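Novice: Got a structure for you, questions after.
The values are calculated or read from the model by the stated rules, or taken from the named source; none is laboratory data. Fair warning: this is a prediction, and the values are worked out from it, not measured in the lab. Virtual Cβ from ideal backbone geometry, glycine too; neighbours counted across all protein chains shown. For the accessible areas, the whole protein counts, side chains as well, though only heavy atoms, and no ligand, DNA or RNA atoms are used. Shrake-Rupley method; radii C 1.70, N 1.55, O 1.52, S 1.80 Å.
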Amino acid sequence: MNLWRDIKGTLQPFWVTLGYLFKKPVTIQYPEEKRTPPPRYRARIVLTCNPDGSERCVACQLCSAACPVNCISMQAAEAADGRRYAAWFRINFSRCIFCGLCTEACPTMAIQTTPDYEICNRDVLKLVHEKEDLLIDGCGKDTEYNFYEHSGIGVVNERGGNEDEYGPVDPKSLLP
Amino acid sequence: MNDLLISLVLILVKLGLILGVVLTMAAYLVLAERKILGRMQLRYGPNRIGPGGMMQPLCDVIKLLTKEDFVPDRADKWIFLFAPGLTALAALLSFAVVPFSPPVTLFGREIPMVVCDLNIGLLYIFGLSSLAVYGVVLGGWASNSKYSLLGALRGLAQLVSYELALGLALVPVVMSAKSFSLNAIVMAQADWPNLLRHPLAFIIFMISITAESKRTPFDMPEAENEIVAGYHTEYSGMRFGLFFVGEYINLVVIGAMTTVFFLGGWHGPFLPPVVWFILKVLFVAFLFIWARGSMPRPRYDQLMHFGWKVLIPLALLNVVLSGAISLAVNS
Amino acid sequence: MTTVLFYILGFILLAATLMCITRRNPVHAVIYLVAGFFALALMFYLLGAPLVAAWEVIVYAGAIMVLFLFIIMMLGLAPQEVPEGPGWQRWLPLVLLSASLMACSLLIILQDPAAGQEIPDFYLAPQALGEALFSRYAMAVEMVSFQLLFATIGAFLLGRPLPKGEDQ
Ligand code: SF4
Ligand code: SF4
């Protein structure tokens, strides 16, 4: 019977919604009740340090090139031993979409996302974080990794002295 | 002259009372609708302002009042400006004939608890609802926007078609009360509410009044996902608020109409009549909110087909049947 | 009192109709016509025929004029020309007419014949009208309903889908 089916189909939803009316809502009451985001949640971005405490970032601009909304900017500078670092480093969080592409691009694991999601501000300019605001003490997600123990100019070891690293290529030896 | 003055004062007092009660009810129905819909969808609904969100209507009003009152370019300005008022006014005026309690005696005068017991009260309500159509249609037309125009056209066709079914569904009610006066209709239901006497008429009435009030299963005139907001797409600020409030006053009107026509008006055991009346009105309002939480919107042509090819023939049949039955019972 | 009201309403009716036939914009004309219908309905009420007054509003203002509007809007007949002169000047007549209509209806409600304050010479109860229609004028009613039936059948014939493979 089509008619019977239609009537049933019309009335059934009423029963369902009535049942829901007396269930406990699933909403999290935000300011009072906060959820703990998973550890790999992509929110506030930080610049981490090496295990020995030195800055990780080498100002290679890869993160700012990867950023789809172009919200990372920096100026590179070079220390006396040839080690590059960022003279200033700026992320505009009012534009950041928390896609995490910058962290994937970073070769030194310097830039990382954290689960701290409460960074809204009524003043847009306060959302522009400078290097001092971004730098943290710890190593973030990877506590072991130090880029210069695997590659790069001789900051930790001599060039090519790292155990998983080949020595520098002598271009002249490639000649026929 | 003195008598005239007293009756004028009485009418004004009753008007003020009704206005206050109805507007408060409308404001809190907005909140109730949002909360009930929320709970049906496993949310809380507004609960931030005041205890349990009780001050939300106030905030809504402040928000609407402080927004810009925008008139689109090349809109027909004056029609655009008065159309929302027309809707709200028509809904409010319907209350003039709704009796919400038996007459009370005060200072030795018998005061009927209705602003004006017209002996054509039912037709008066119909007349006003046809006036409310103009609010929708003129508002939509004057906005000079295609969405508004489409919404207005839909609203117009829908309201005119379902008014027929609505009127026919009420014929058995009038037959058993032998009067158009709402007071007499309530009086005739002293022992049996019309709901039990004319169940089919009740169902037809509920369906067509949903379409009349443009509420959710039949809200094509403002179908958000097709034509933005239909006839009030271009409205903002308090003029949108008037449409909005009009809609909720209308919900109270519908509740009162259903109560008077089918649920036995103020009749009920134990509690005082006014309380019964308000309870019944709130119950009907809940039914409508419930339907909004439960039903999807049909297509526009399905609505028209259903109205003309199912509802109106059914209502006609119902008129003939209940006429025959009441003749058979009476003779 | 009744006589004065009658003349006021008559004036409103005439003025509204005059405004109606002089408007260029069909939608504006319809609005004035509706105002006129309301005046007419009040007049019927005043003359002791509330049922006729109600039908006047429901059928003419509520259905027929709405269908007029439907056609006007559907065909896009109303020109959206830039209006001449300031708005209040164009709508002053309507505002005045509506305000006086409101005042009249308030007065009528105050001395509602049903409330027994001032019973006019003649009062047509709905029952009496029904009885008259279906006994004394039964023949006329039947004829009119037959005409309506013809009209319905005509509309049905015009609106039916053409058989397949047949041209206009
Ligand atoms: S998370 Fe995405 S948007 Fe934000 S800084 Fe990194 S790359 Fe740019
Ligand atoms: S944060 Fe990483 S990717 Fe960005 S400049 Fe520094 S080292 Fe390069």
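Novice: Determine the shielding of peptide A:16-22 by partner chains: average, over its residues, the number of Cβ atoms on other chains within 10 angstrom of each Cβ.
Specialist: 5
Novice: So, one more: I'd like the interface area for chains A and B: accessible area of each alone minus the complex, both sides summed, 1.4 Å probe, protein heavy atoms only. What is it in Å² to the nearest 100?
Specialist: That pair of chains buries around 1500 Å² in total.
Novice: Related question: May I have the convex hull volume per residue, in Å³, for the Cα set of the stretch A:36-149?
Specialist: Per-residue hull volume (Cα only) is 101 Å³.
Novice: Tell me, what is the percent relative contact order of the stretch A:1-103, built from C-alpha pairs under 8 Å that lie six or more residues apart?
Specialist: That works out to 19 percent.
Novice: Take each of the peptides B:57-66, B:154-163, average the number of other beta-carbon atoms within 10 Å over its residues, and list them starting from the highest.
Specialist: Packing order, densest peptide first, comes out as B:154-163, B:57-66.
Novice: May I pose another question? Considering only protein heavy atoms and a probe of 1.4 Å, how much of the accessible area of the protein assembly as shown is carbon and sulfur, as a whole percent?
Specialist: The computed percentage sits at 67.
Novice: Now, a different point. Between chains B and C, what is the buried accessible area summed over both chains (1.4 Å probe, protein heavy atoms, nearest 100 Å²)?
Specialist: Answer for the B-C pair: about 3200 Å² buried.
Novice: Using amide H atoms built 1.01 Å from N in the peptide plane, name the residues 5+ places from A:Arg159, or on other chains, whose amide H lies under 5 Å from its own.
Specialist: So A:Arg159 has HN proximity to A:Gly154.
Novice: What residue among B:Val260, B:Val21, B:Val252 shows peak mean-square fluctuation when chain B is described by a Gaussian network model with Cα springs under 10 Å?
Specialist: Checking each option, the largest mean-square fluctuation is seen for B:Val21.
Novice: When you count, for each residue, the other Cβ atoms within 10 Å and take the mean per peptide, how do A:66-77, B:138-149 rank with the highest first?
Specialist: B:138-149, A:66-77
Novice: Enter the angle in degrees (range 0 to 90, nearest 10) between the Cα long axis of helix A:2-21 and the first principal axis of the Cα atoms of chain A, meaning the one along which they spread out most.
Specialist: Relative to chain A, helix A:2-21 is tipped by roughly 60 degrees.
Novice: Ok, one more. For a quick check: with amide H placed at 1.01 Å from N, whose amide H comes under 5 Å from A:Ala43's, ignoring anything fewer than 5 positions away on the same chain?
Specialist: A:Thr114, A:Asp116
Novice: Pop out a list of residues from the stretch C:9-50 that are at least 30 Å² less accessible with all the protein chains around than in their chain alone; 1.4 Å probe, no ligands or nucleic acids counted.
Specialist: C:Val27, C:Ile31, C:Phe38, C:Tyr45
Novice: Sticking with this one: Size of chain B along its principal axes in angstrom, Cα-based, largest extent first?
Specialist: Computed over chain B, the largest-to-smallest principal extents equal 63, 51, 46 Å.
Novice: Here's a follow-up. Got the relative contact order for chain A handy, in percent, Cα pairs under 8 Å and 6 or more residues apart?
Specialist: So the answer I get is 24 percent.
Novice: Could you work out the equivalent-ellipsoid semi-axes for the protein assembly as shown, taking the square root of 5 times each eigenvalue of the Cα gyration tensor, largest first, in whole Å?
Specialist: Value: 69, 29, 27 Å, ordered largest first.
Novice: Now, a different point. How large is ³J(HN,Hα), in whole Hz, for each residue of the stretch B:23-37 in order, when computed from phi with the Karplus curve 6.51 cos²θ - 1.76 cosθ + 1.60 and θ = phi - 60°, using x for Gly and Pro?
Specialist: 5, 4, 4, 4, 4, 7, 5, 4, 4, 4, 4, 5, 6, 5, 4
Novice: Could you please report the charge total around A:Gln112, scoring K, R as +1 and D, E as -1 over all other residues with beta-carbon less than 9 angstrom from its beta-carbon?
Specialist: Net local charge, A:Gln112 excluded: 0.
Novice: Among B:284-293, A:166-175, B:36-45, C:53-62, how do they line up from the highest to the lowest mean number of other beta-carbon atoms within 10 Å?
Specialist: The most tightly packed comes first, giving C:53-62, B:284-293, B:36-45, A:166-175.
Novice: For the pairs B:Lys178/B:Lys309; A:Lys131/A:Lys172; A:Lys24/A:Lys126; B:Lys14/B:Lys77; A:Lys24/A:Lys141; A:Lys23/B:Lys214, note any where the Cα-Cα span goes beyond 31 Å.
Specialist: A:Lys131/A:Lys172; A:Lys24/A:Lys126; B:Lys14/B:Lys77; A:Lys24/A:Lys141
Novice: Once you list every other residue whose beta carbon is under 12 Å from the beta carbon of B:Asp69, what net charge do they have if Lys and Arg are +1 and Asp and Glu are -1?
Specialist: +1
Novice: Still on this structure, I have one more. Amide H of A:Ile111 versus every other amide H placed in the peptide plane: which residues, excluding those fewer than 5 positions away on the same chain, fall under 5 Å?
Specialist: Result for A:Ile111 returns A:Thr48.
Novice: With θ taken as phi - 60° and the coefficients 6.51, -1.76 and 1.60, list the Karplus ³J(HN,Hα) couplings across the stretch B:77-90 in order, rounded to whole Hz; mark glycine and proline as x.
Specialist: Calculated HN-Hα couplings, in order: 4, 6, 5, 4, 6, 8, 4, x, x, 4, 4, 5, 5, 4 Hz.
Novice: Counting only other chains, and only Cβ atoms inside 10 Å, what mean value do you get across the residues of B:27-40?
Specialist: 2
Novice: Which ³J(HN,Hα) values, rounded to whole Hz and listed in residue order, are derived for the stretch C:39-49 from phi using the Karplus coefficients 6.51, -1.76 and 1.60 in 6.51 cos²θ - 1.76 cosθ + 1.60 with θ = phi - 60°, glycine and proline given as x?
Specialist: Per residue, the Karplus-derived 3J(HN,Hα) values read 4, 4, 4, 4, 4, 4, 4, 4, 7, x, 10 Hz.
Novice: Right, here's the next one. Only Cα pairs under 8 Å and at least 6 apart count here; give the relative contact order of the stretch B:232-313 as a rounded whole percent.
Specialist: Value for the stretch B:232-313: 23 percent.
Novice: Compute a Gaussian network model of chain B, connecting alpha carbons closer than 10 Å, and tell me which residue from B:Ser176, B:Ser130, B:Ser294 fluctuates the most.
Specialist: Per the Cα network of chain B with a 10 Å cutoff, B:Ser294 tops the list.
Novice: Considering only protein heavy atoms, what per residue accessible area in square angstrom results for the protein assembly as shown with a 1.4 angstrom probe?
Specialist: 54
Novice: Let me ask something additional. If you take each beta carbon of peptide B:129-136 and count the beta carbons of other chains within 10 angstrom, what is the mean?
Specialist: Rounded to a whole number, the mean comes out at 4.
Novice: Moving on to the next point. With springs only between Cα atoms under 10 Å, which of B:Ala229, B:Ala165, B:Ala152 fluctuates most in a Gaussian network model of chain B?
Specialist: Looking only at B:Ala229, B:Ala165, B:Ala152, the largest GNM fluctuation is found for B:Ala229.
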